[in-house]
Amino acid sequence: MLTLDQQNQWREEYRQINLGWQPATETYADLVRQHLQPNSQILDLGCGRGGLIEQLVETHGRGLLERSIGLDPDHQSIHEHRLDLAAAVGFSHALPYASNRFDVVFCSWLLEHLETPEKDLVEIGRVLKPGGVFIFITPNKKHPISWLNQTIGRFGAIQDWLVERLYGRKAADTFPTWYKANSTRQIETLASTANLAIDQLLYIPDPTYLAINRPMFRLMCWFENMLPHTRKLHLVGQLRSQSLL
């Protein structure tokens, strides 16, 4: 089994041999932090049981928690949230919030699960204030591992078995993937229809997802370094609301 601790150990080793690299999750968190102001209104889409919002509250204090809202389709996850976050059960294609409400909307590992992303992005654009930002992290559809995961995902039982065997994650925590909103071209198209401008898209390698031992880690390091820049494993992006919708 490849535990998160083992992955993080491999990441530290990869960082040492690739100066200046940092995991996509750190880049994503840094982007969100750059846009947090004392009065920022924040929406955590797909908030789950915690995640980034926990880090933000730890560094910015509980005042940030009072200005944050979470949304997730899974009632159990919200019930088990590790913070006293104001959260609701719902979907990003029908956000239960007023227009022009939020300064920052962020989501972790959500875009790949959207079945109708054109509706979701329009809704995100609607609830953002003019100049507000939408920041996300998602697997890059153009990476071979994403292609493999998408292929295996067509056989749900096989995917559940692999995820549980390789990562020790329960099948109940594995959700269907559609890969309709996690490539450069898809995001460009979706942003244009939602009146969102692309501030930046960052492509970040990570060789740890199949690093079950040192030979596999070395193979994946070589593989990641051989891939073209725009096909690296993770995609971190920032979109900005251009005007009132």
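The values are calculated or read from the model by the stated rules, or taken from the named source; none is laboratory data. Remember, predicted model here, so these are calculated numbers, not experimental data. Counting neighbours? That spans all protein chains shown, and the Cβs are built from the backbone with ideal geometry, glycine included.
Within segment 48-74, the set of residues being surrounded by 17 or more Cβ atoms within 10 Å (Cβ to Cβ), small (Gly, Ala, Ser) and out of contact with any Leu (no Cβ under 8 Å at 6 or more places or on another chain) comprises Gly48, Gly51.
Conditions (1) farther than 16 Å from Asn140 by Cβ; (2) in contact with a Leu (Cβ under 7 Å, 6 or more places away or on another chain); (3) modelled with pLDDT under 95; (4) of a type outside the set (S, T, N, Q), marked per residue:
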position: Ala197; (1), (2), (3), (4): yes, yes, no, yes
position: Leu201; (1), (2), (3), (4): no, yes, no, yes
position: Pro205; (1), (2), (3), (4): no, yes, no, yes
position: Ile212; (1), (2), (3), (4): yes, yes, yes, yes
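Go through segment 2-116 and tell me which strands (runs of 3 or more DSSP E), entirely inside it, have 1 or more residues that are more than 16 Å from the chain's Cα centre (by Cα) and among the aromatic types (Phe, Trp, Tyr). Answer list for segment 2-116: 102-108. Just checking, does segment 32-44 include any residue being among the charged types (D, E, K, R) and either in contact with a Leu (Cβ under 9 Å, 6 or more places away or on another chain) or closer than 17 Å to Asp103 by Cβ (or both)? Within segment 32-44, one or more residues are among the charged types (D, E, K, R) and either in contact with a Leu (Cβ under 9 Å, 6 or more places away or on another chain) or closer than 17 Å to Asp103 by Cβ (or both). Against the list (1) surrounded by fewer than 16 Cβ atoms within 10 Å (Cβ to Cβ); (2) at pLDDT below 95, the condition Val89 fails is (2).
For every residue, the table says whether it meets (1) closer than 21 Å to Gln238 by Cα; (2) hydrophobic (A, V, I, L, M, F, W, C).
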residue	(1), (2)
Gly70	yes, no
Glu80	no, no
Pro96	no, no
Phe102	yes, yes
Glu112	yes, no
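Checking every residue in segment 126-142 against the condition of being buried (at least 24 other Cβ atoms within 10 Å of the Cβ) and among the hydroxyl-bearing types (Ser, Thr, Tyr) gives at least one match. Sort out which residues of segment 101-121 are touching a helix residue (DSSP H, G or I) at 6+ places or on another chain (Cβ under 7 Å) and surrounded by fewer than 21 Cβ atoms within 10 Å (Cβ to Cβ), and write them in order of number. Within segment 101-121, Arg101, Glu118 meet the criteria.
Within this structure, Lys142 passes the test of being under 30 Å from Phe223 (Cβ atoms), charged (D, E, K, R) and touching a residue at least 60 places away in the same chain (Cβ under 8 Å). Close Cβ contacts (under 8 Å, 6 or more residues apart or on different chains) running from residues in segment 1-13 that are more than 15 Å from Arg214 (Cβ to Cβ) and in contact (Cβ under 8 Å) with a residue 40 or more places away in the chain to residues that are surrounded by fewer than 18 Cβ atoms within 10 Å (Cβ to Cβ) and of a type outside the set (Ser, Thr, Tyr) comprise Met1/Arg165; Met1/Leu166; Met1/Gly168; Thr3/Gly168.
Here segment 117-135 is the region considered, the condition is being part of a strand (DSSP E or B) and among the β-branched types (Val, Ile, Thr), and the residue that is farthest from Ala29 (Cα to Cα) is Val133.
Here is the figure for segment 192-245: residues that are in contact (Cβ under 8 Å) with a residue 60 or more places away in the chain, crowded, with 20+ Cβ neighbours inside 10 Å and of a type in the set (A, V, I, L, M) total 8.
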